[in-house]
Amino acid sequence: ICLATAGSALAAPRAAEAAGSHYLMAADNLDGWHLGGFYRYADRELNHGAYALKQNKFMIHVGHDILSWLSVYGFLGTTTLEIEPGFGDRDPDLEYGAGAWANLLDHDLLGNFTMETRLRLQAIGQVSASSPEIDGREASYVEWYGALTLGVVNELIGNKAYWPEAIGLFFGPVYNDISSDDIDATGGAFGLTVGLDLYLTRDTTLSLAYEGFESDKIYNAALNFRF
């Protein structure tokens, strides 16, 4: 039984070489690049409450700074749509898009000897598209998204035992709308978002957020690496 269990758990070997000389390309300078991914779950109103649209997204994004405060990015991944009641589960479909985020304001606030508090204003806007099949027919849509958030960040300094390096709480208005001739999303397009940024290191951030609309609710989780 032990041998059978071990055999079923085997996977392909991973050649994780430590030396850079064993790689095809040596990317010594990646300044200004971003790499990460995000998960997004949305519970939307359809046909003025007659149905509910459950939307799950898993995305990978790559971004680059075009200015010191402005970055553009593209993303690609899968989206799964489920309409309740009565339509059952759906297979994942391809979704792709692009966007930009801007760091508009960074202001120091008074703090004590172990914390540095900052006030930050940030904006994001993006557009994506997908053509999933619903009930045997294609349902193309374009999704628009934008947010303006004000955040308070506490940078934990003076003690190496503190982890993560900083914690930020943010909130602000958010816009999210689906344009489609096949999907009648009737929930409100404007809402409020609140979330938490965990700065695991200076260049690695984990973000968790909730977006509330008139009748829709959306959850986000994102991980971003900055080089």
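At-a-glance table
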| read-out | value |
| --- | --- |
| Output for region 31-51, where each listed residue is more than 24 Å from Thr80 (Cβ to Cβ) and open to solvent by less than 60 Å² (accessible area, probe 1.4 Å) | Gly32, His34 |
| Count of region 32-68 residues which are under 20 Å from Asn224 (Cβ atoms) and of a type in the set (Asp, Glu) | 1 |
| Every pair of residues 6+ apart whose Cβ atoms lie under 6 Å, when the first sits in region 192-208 and is farther than 14 Å from Leu223 by Cβ and open to solvent by 50 Å² or more (accessible area, probe 1.4 Å) while the second is modelled with pLDDT of 95 or more and not small (Gly, Ala, Ser) | Val194/Phe171; Val194/Tyr210 |
| Subset of region 201-227 [of a type in the set (A, V, I, L, M, F, W, C) and within 16 Å of the chain's Cα centre (by Cα)] | Leu206, Leu208, Ala209, Ile218, Ala221, Ala222, Leu223, Phe225 |
| Qualifying residue in region 163-173 (condition: modelled with pLDDT of 90 or more, assigned to a strand (DSSP E or B) and among the aliphatic types (A, V, I, L, M)) | yes |
| Residue check, Ile66 within 19 Å of the chain's Cα centre (by Cα) and open to solvent by 60 Å² or more (accessible area, probe 1.4 Å) | no |
| Unique match (being closer than 17 Å to Glu95 by Cα and either touching a His at 6+ places or on another chain (Cβ under 9 Å) or among the acidic types (Asp, Glu) (or both)) among Glu133, Glu211 | Glu133 |
| Close pairs (9 angstrom Cβ cut-off, 6 or more residues apart or separate chains): assigned to a loop (DSSP other than H, G, I, E, B) and surrounded by fewer than 14 Cβ atoms within 10 Å (Cβ to Cβ) in region 101-125, modelled with pLDDT of 70 or more and among the β-branched types (Val, Ile, Thr) anywhere | Leu110/Thr117; Gly111/Thr117 |
| Among the candidates Asp182, Asp177, residue that is in contact with an Asp or Glu (Cβ under 9 Å, 6 or more places away or on another chain), assigned to a loop (DSSP other than H, G, I, E, B) and not aromatic (Phe, Trp, Tyr) | Asp182 |
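The values are calculated or read from the model by the stated rules, or taken from the named source; none is laboratory data. Note that the structure is a prediction, hence the values are computed from the model and not measured. Methodologically, a virtual Cβ is constructed for each residue, glycine included, from the backbone with ideal geometry; neighbour enumeration extends over all protein chains shown. Ligands, DNA and RNA are excluded from the accessible area calculation, which covers all protein heavy atoms including side chains. Shrake-Rupley method; radii C 1.70, N 1.55, O 1.52, S 1.80 Å.
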